[in-house]
Amino acid sequence: MGKSGMYVGLDIGTTSIKVIVAEYVKGQMNVIGVGSKRSEGLSRGVIVDIDKAASAIREAVQDAEKKANIEIHDVIAGIPANMLEIEKCQGMIAVGDESREITDQDVHDVAAAALVRNLPPEREIVTLVPDEFVVDGFDGIRDPRGMIGVRLELHGQVFTAPKTVIHNTRKCIEKAGLNVKTLVVNPWALGQLALTDGEQDFGTILLDLGGGQSTAAVIHDHKLKYTYVDQEGGEYITKDISVVLNTSFESAETIKRDYGLASADQASEEEQFPVEVVGQTQPVSVSEKYLAEIIEARLTQIFNRLKERLEKTNALDLPGGIVMTGGVTALPGITDLAHQIFDRSVKLYIPGQMGLRHPSFTQGLSLIQYAANMNDIDQLIQDALTGKSHPNKPTPEKVQPQQQPAQAANEAEPVESTEKEENSKKPLDSIRKFLGNFFE
C-alpha cells in the first residue's frame, strides 16, 4: 500500500517530457496535475544536449505546477534500459560478537557491503534490489530487523548503467532547478505497475513502445531478468510516413495519430484523407489502407527484431505472454499485429486514472507508484546507495561532559574505538570523542 504524501514523476522521453503530480492518501493515488512538453536534446531515449533537455523539463514542470497549484522541488526520475546490466550481488556483516537484535543500521551496513563491487570506470550502480536476507544461515527473510543473530547476509540484484546516462539525467534535472529524490530503472518500475502479481511471478514479457526506442523486458519470479532496447520507435514510423507521402514531419505525425492503423488487414481502401504534399498547392488523397501498410511495415521490423532477441532467452515460453504499453501502442490494431508476429497472447496496458487514459502516461505513473510503495528496507538500501549515513548509528560509549566548548563540534573528529582503548585515554580526549560521535 502506498504511503501518504505528494509524489512527482518525471518521464524524460525522446518525443515528449511528462510530469505527473499525484497525492497518495491512505494508499489511494489521486493525480492532481500533469505537464507535457515536446522533448528537446534527446536522441533514442538518451540525453545528448543537457541545456536543451533542462529547458524542456523546466517548461513541463511549470505546466504541472500551474495545474496542481503547488511548487515542485523533488522528482522521481527514470533511467532508460540502454546498456543496462543485471548482476547478482551478496553482502555479509557481523552483527556482533554475541547475539543481539538486528537494527536499521545493520541493514544499511549489509547493503553497503553488497554494493562494494569492482565496476568498469564507465559504469555506475543505479539501484540494488534485495531478494532475501539470511540471518545465521536462516534464509528467505524479507525484513531481518528485530531478529537476533550474529551474522547478517543480503542476496539481491544490482542494476548498473553507463555513467554518461546517469550523469546526464541528473545534471539536466538539477539544471532545471529540481532535486532527484529517487532514480529508478524504467522497465523495473514499469513492470510493477503494468503487470499483475501473477504475471510478475510466473513470467511475462513487457514491451514499452516509445517514440525514440522500443524496450523489451522479461520479468519472472518478481525479478527483472532481461532487457533489450531496439533503437527504433514511433518517430521512425512518422519519418516513414513523411518520406513515402512526401509531407512534412509535423503533418506526418498528425496523420499517424488521426488516421493510422497498425494492421493493414483492418484498414479500408475506400476511406481516404487529404495530405499536404511538399511542392504542391492542393492536398492529395491517400487511402487508409495505404497508410496502414506504411505503419505495419515498420512495426513488423521492430517486432521481428524483438522476437529474435527474446527467442534466444526462451522468454517467449513464459506463461504470462506479452503486455504492451507506451505511446506507439495507441495505434489501433497493434495487439493483433503483435499476436500475429510473436504467436503469443498479447494484451495492452492503459492507465485507468482520469485524464491519463493513454499508454504514453504509463511510465510516469509507474515512477510515482514505485516511490510511494518503497518500504523501510528499500529506503535503507537507497541511503546506502547514495552514501547517506543512517541517523540512528550507535555510539560505542556514553560520556556526559559538563560543558561543551562552542567550537568543539568543528575541532572534534568522529573516531570510533573500543571501550578498552577509550578508558585508557585522558578525560579531555574522552570528551572530544563523545562530541565527535554526537555531531556525526
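The values are calculated or read from the model by the stated rules, or taken from the named source; none is laboratory data. The structure displayed is predicted, hence computed values, not measured ones. Neighbour counts run over all protein chains shown; Cβ positions are idealised from the backbone, glycine included. Accessible surface areas use protein heavy atoms only, side chains included; no ligands, DNA or RNA. Shrake-Rupley method; radii C 1.70, N 1.55, O 1.52, S 1.80 Å.
Show me the three semi-axes of the equivalent ellipsoid for the range 11-121, from the C-alpha gyration tensor (sqrt of 5 times each eigenvalue), largest first, rounded to whole Å.
38, 23, 11
E71 label point, 7 Å along Cα→Cβ, cut-off 13 Å on backbone N: hits in the range 167-197?
Residues 178 qualify, since their backbone N sits under 13 Å from the label point.
Rg and Dmax of the range 228-322 over Cα atoms: what are they, in angstrom?
My reading of the Cα-based Rg and Dmax gives 16.1, 54 Å.
Find the eigenvalues of the gyration tensor of the Cα atoms of the chain, then list the square roots of 5 times those eigenvalues as equivalent ellipsoid semi-axes, largest first, in whole angstrom.
Largest first, the chain gives 50, 25, 18 Å.
For the chain, what is the mean residue ellipticity at 222 nm derived from helices alone (per DSSP H run of n ≥ 4: -39500 (n - 2.57); sum divided by total residues; nearest 500 deg cm²/dmol)?
That calculation yields -11000 deg cm²/dmol at 222 nm.
So for the chain, averaging the separation of alpha carbon pairs under 8 Å that are six or more residues apart and normalising by length, what relative contact order in percent results?
15 percent
Please work out the C-alpha center-to-center distance from the range 288-323 to the range 36-109 and express it in whole Å.
The two parts, judged by their Cα centres, are 30 Å apart.
Once phi is turned into θ = phi - 60°, what whole-Hz ³J(HN,Hα) does the Karplus curve with 6.51, -1.76 and 1.60 give for every residue of the range 286-293, x standing for Gly and Pro?
Each residue's phi maps through the Karplus curve to give 10, 7, 4, 5, 5, 5, 5, 5 Hz.
At a Förster distance of 25 Å, what's the computed FRET efficiency of E85 paired with D317, Cβ-Cβ distance as r, to 0.05?
Efficiency computed from Cβ-Cβ geometry: 0.60.
Which residues among the range 8-28 fall inside the zone where the amide N is under 19 Å from a point 7 Å beyond the Cα of M354, along Cα→Cβ?
Only 20-28 fall inside the zone, counting backbone N under 19 Å.
Give the peptides 138-147, 64-73 in descending order of average Cβ contacts within 10 Å, highest first.
64-73, 138-147
Semi-axes of the equivalent ellipsoid for the range 85-162, please: Cα gyration tensor eigenvalues, times 5, square-rooted, ordered largest first, whole Å.
Value: 26, 12, 9 Å, ordered largest first.
Can you tell me how much longer the chain between S248 and E132 gets when fully stretched, taken as 0.36 nm per residue apart minus their C-alpha distance, in nm with one decimal?
Extending this stretch completely gives an extra 36.4 nm.
What FRET efficiency would be calculated for the residue pair E101, I125, taking the C-beta separation as r and a Förster radius of 35 Å, to the nearest 0.05?
0.75
What angle do you read, to the nearest 10 degrees and between 0 and 90, between the alpha-carbon axis of helix 376-386 and the longest principal axis of the chain?
It works out to around 90 degrees.
Once R0 is set to 30 Å, what does the formula 1/(1 + (r/R0)^6) return for the Cβ-Cβ distance between H339 and Q272, expressed as a FRET efficiency to the nearest 0.05?
Efficiency, rounded to the nearest 0.05: 0.60.
Pull up all non-local amide H partners of S43: gap of 5 or more, or a different chain, and H-to-H distance under 5 Å with H placed in the peptide plane.
Residues meeting the amide H criterion: V48.
Carbon and sulfur: what percent of the range 25-101's accessible surface (1.4 Å probe)?
Its accessible area is 43 percent carbon and sulfur atoms.
Let me check against my output: what whole-number percent is the relative contact order of the range 196-349, with C-alpha pairs under 8 Å and at least 6 apart?
Relative contact order comes out at 27 percent.
I want to check the label-to-label distance for K239 and D221. Put each point 7 Å from Cα in the C-beta direction and report it in nm to one decimal.
Taking the simple label geometry, K239 and D221 are separated by 4.0 nm.
Please tell me the relative contact order of the range 85-162 in percent, rounded to the nearest whole number, where contacts are Cα pairs under 8 Å and at least six residues apart.
That works out to 48 percent.
Relative to the longest principal axis of the chain, what angle (0 to 90°, nearest 10) does the C-alpha long axis of helix 234-245 take?
20 degrees
Just the Cα atoms of the range 36-192: what Rg and Dmax do they give in Å?
19.5, 60
Could you state the accessible area per residue of the chain in Å², with a 1.4 Å probe and every protein chain left in place?
Result: 49 Å² per residue.
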